[in-house]
Number of protein chains: 2
Amino acid sequence: MKVYKKIILPKGFKASGISAGIKRGAKPDLALIFSKKPAKAAALFTTNKIKAAHIKVCLKHLKNSDSFNALMINSGNANCFTGDKGMHDAEAIMAQLAKKLNFKKDNILIASTGIIGKSLPVDKIKRAIPLLVGALSSKGLISAVRAIMTTDTFPKIATRRINIAGKKVFICGFAKGAGMISPNMACAEHRRSATMLCFILTDASISQRALKQALNSAVEDSFHCITVDGCMSTNDTVIALANGAAENISVDKNKNFNLFALTLKNICLELAKMIIKDAEGATKFIEIKVKGAKTTQEAKKAALAVANSNLFKTAIYGKNPNFGRIVQAIGASGIDVKEKDLKIKLSPLNKKNVFVEVDINKGKACTKVYTSDLTPEYIKINAEYN
Amino acid sequence: MKVYKKIILPKGFKASGISAGIKRGAKPDLALIFSKKPAKAAALFTTNKIKAAHIKVCLKHLKNSDSFNALMINSGNANCFTGDKGMHDAEAIMAQLAKKLNFKKDNILIASTGIIGKSLPVDKIKRAIPLLVGALSSKGLISAVRAIMTTDTFPKIATRRINIAGKKVFICGFAKGAGMISPNMACAEHRRSATMLCFILTDASISQRALKQALNSAVEDSFHCITVDGCMSTNDTVIALANGAAENISVDKNKNFNLFALTLKNICLELAKMIIKDAEGATKFIEIKVKGAKTTQEAKKAALAVANSNLFKTAIYGKNPNFGRIVQAIGASGIDVKEKDLKIKLSPLNKKNVFVEVDINKGKACTKVYTSDLTPEYIKINAEYN
């Protein structure tokens, strides 16, 4: 626990996390991030056709406003498949929070994770808002992170400090994962899922355009490279907030942008790997590298096919070096591959970390994806979740 | 056991099944089907890009010959990812069998199921051929069916007798399944996979064209509607042999063809459901109906997405009526669907048979697919398989 106490927030941010009674047993389930200085925002959401209410509400607020002061997150209830009522519920909670904080509702973002198909306990959440706001603190990050956990067994936080033209800029990311993890997200304009929630806070001064560009690229090479169970969630959300409190020259292009973007990618990859290390029931951390592809996309398609194969994942759990199941998954992945070109390497299975390398000998593109094994414990967790 | 003794073969067919020592412990692992009268053949094979050696050899023989006298099947070894050696091994065994039976090698078909990536024990199989041929009998079907089983717990046989213009025609199908079951097959010419092996034997007189047409349609509405684990095998094979011994007028069109095709479809659907009932580790038989789709294809895509969802399958195992996981799977399936249009019904989960009905309210197309729950026993079987 000691290590988490040292974790600080970027300049100008405060956070809190409390129990609002959404989950049973007084577990933390409501988190708030606050920045008095308005923050630029970039966001990506699930491409599942059924989207949680918070996503529809966020998309509206992101359209109406270009700066944000607060981000509220609840666990224990996904507020998904809750129809118009779900959106009204989210808006009602945000209105209450806006009033308490003395900002406009449009300057607030919201996210939910938990059971699909149940209405939010609006009154409980509204009643908890004064306590939540009162608990805001520059040391409150760990409380917020604990409040967004569902089946996670540990809080997931990654931080980096960089230097932008003489000014110290701090970037802090936190996430929750565990199950229903197979993210494939899109930002509001373009198209492009787990309940995976990830939030990036930074005191960098950066344009919204540059923040979006850096976030899209970071997510593509991190969260889009992990899968626990191949189930793309209705709630996947990544939101980055940059409040400019570091007072650096704006990170917009060239080497400053490249440094910021690379740092953001490293944070996202660290968090993505934590999600896999904490995957429901996992006993193994599996890295699958596919090389010799014509394109990175092709390599990813092949690698994710192996990562999502129940037969491969159970074999790894059983320490059973059945490379035939890798062959089967590659062949069924939809990419074009020839038997004679296929070379497979598998590291010893008695270790916690397992490495698979598949060479399809067609081209020069390469990618890595990360997954966990499929275990009786995964089934226990998900058979009993309700 | 008594029921199997009554099962007879269509006129002119003999069968046998013995232990050739491919599997450990003297289990049956080699089967032979024989018809002195040459049989017309229709076949479908996996669309996995990595195909077992027997598929490549069968495709060659199906090109060189239009009638067949024998079909040899081994379990315990998939002869897949075995390169050119795998094909030479299969051909060497067939040459030995052809010599013993006094037919051309091209008049023989072959199929394998078992571990991927190991060479066939050619010498053991060759040595077993005299015993295998010697055991051929019109009562040998059950021995043959037992010899093609892998993790199956019971033999799968379905039979029907029909009347074609005054002549009795008999159709008999047998199959093995259990794991790596997500069939999507194609016939030799077109394009269109479990290790699922299914063989149909009939004494019908029918043209090859009509037999192919009936088989394609039957498979589309049966084996292509089941999934155990979403893993399309390298070895999936369906072969139908019709030797004409019933001496009916050729079943080629109109009502005779329709009766034959419908009967074949019913046999395939009965076998497909048996594969799901015997799915590795299954405690539930799940029927998923999707209606209100624009096309049958769209309905199937949505239904298979639910059927292949680990979260849905573990919930059903846990008797946990978490319809949110059905919502998630439909939304992630790739079909276009609106939250307000989606209606879900789920039967009580305390029964062995579970029914799910999803109405997407877009059109009039409808389909049913069949799957099993995901259980700790599935993991145990597949963790320890080697």
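The values are calculated or read from the model by the stated rules, or taken from the named source; none is laboratory data. Please read these numbers as outputs of a predicted model, since none were measured by experiment. Every residue, glycine as well, gets a Cβ built from its backbone with ideal geometry; the counts of neighbours run over all protein chains shown.
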Yes/no for A:K37 being under 27 Å from A:A246 (Cα atoms) and either touching a strand residue (DSSP E or B) at 6+ places or on another chain (Cβ under 7 Å) or not in a loop (DSSP other than H, G, I, E, B) (or both): yes
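So which of B:K40, B:K49, B:K60, B:K11 ends up being within 14 Å of chain A (Cβ to nearest Cβ) and of a type in the set (D, E, K, R)?
Going through B:K40, B:K49, B:K60, B:K11 in turn, just one is within 14 Å of chain A (Cβ to nearest Cβ) and of a type in the set (D, E, K, R): B:K49.
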Please enumerate the residues belonging to segment B:357-385 that are among the acidic types (D, E) and within 17 Å of B:F323 (Cβ to Cβ). B:E357, B:D359, B:D373
Those residues of segment B:109-142 that are part of a helix (DSSP H, G or I), buried (at least 20 other Cβ atoms within 10 Å of the Cβ) and either touching a strand residue (DSSP E or B) at 6+ places or on another chain (Cβ under 6 Å) or of a type in the set (S, T, N, Q) (or both) come to a total of 3
Matching residues, segment B:276-299, being touching a Cys at 6+ places or on another chain (Cβ under 9 Å) and surrounded by fewer than 22 Cβ atoms within 10 Å (Cβ to Cβ): B:K289, B:K291, B:G292, B:T296
Out of the residues in segment A:318-332 that are crowded, with 24+ Cβ neighbours inside 10 Å and not β-branched (V, I, T), which is farthest from B:E377 (Cα to Cα)? A:G331
Would you tally the residues in segment B:63-84 being assigned to a loop (DSSP other than H, G, I, E, B) and more than 14 Å from every other protein chain (Cβ to nearest Cβ)? 3
Considering every residue within segment B:357-364, establish whether at least one is at pLDDT below 95 and closer than 28 Å to A:G76 by Cα. no
Against the conditions (1) surrounded by 16 or more Cβ atoms within 10 Å (Cβ to Cβ); (2) of a type outside the set (A, V, I, L, M, F, W, C); (3) modelled with pLDDT under 95, where does A:D66 fall short? Just the number, please. (1)
How many residues of segment B:47-63 are under 23 Å from B:V133 (Cβ atoms) and surrounded by 24 or more Cβ atoms within 10 Å (Cβ to Cβ)? The answer is 4
Can you find a residue in segment B:85-107 that is touching a His at 6+ places or on another chain (Cβ under 6 Å), farther than 18 Å from B:S233 by Cβ and not in a loop (DSSP other than H, G, I, E, B)? yes
Suppose we keep only residues that are within 14 Å of chain A (Cβ to nearest Cβ) and among the β-branched types (V, I, T) within segment B:110-155. Which one would you say is farthest from B:E91 (Cα to Cα)? B:T151
Does A:K23 count as in a loop (DSSP other than H, G, I, E, B) and of a type outside the set (A, V, I, L, M)? yes
Residues that are modelled with pLDDT under 95 and either within 14 Å of chain A (Cβ to nearest Cβ) or closer than 30 Å to B:I249 by Cβ (or both): does segment B:260-267 have at least one? no
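In contact with a helix residue (DSSP H, G or I) (Cβ under 8 Å, 6 or more places away or on another chain) and within 14 Å of chain A (Cβ to nearest Cβ): is that true of B:E280 in this structure?
yes
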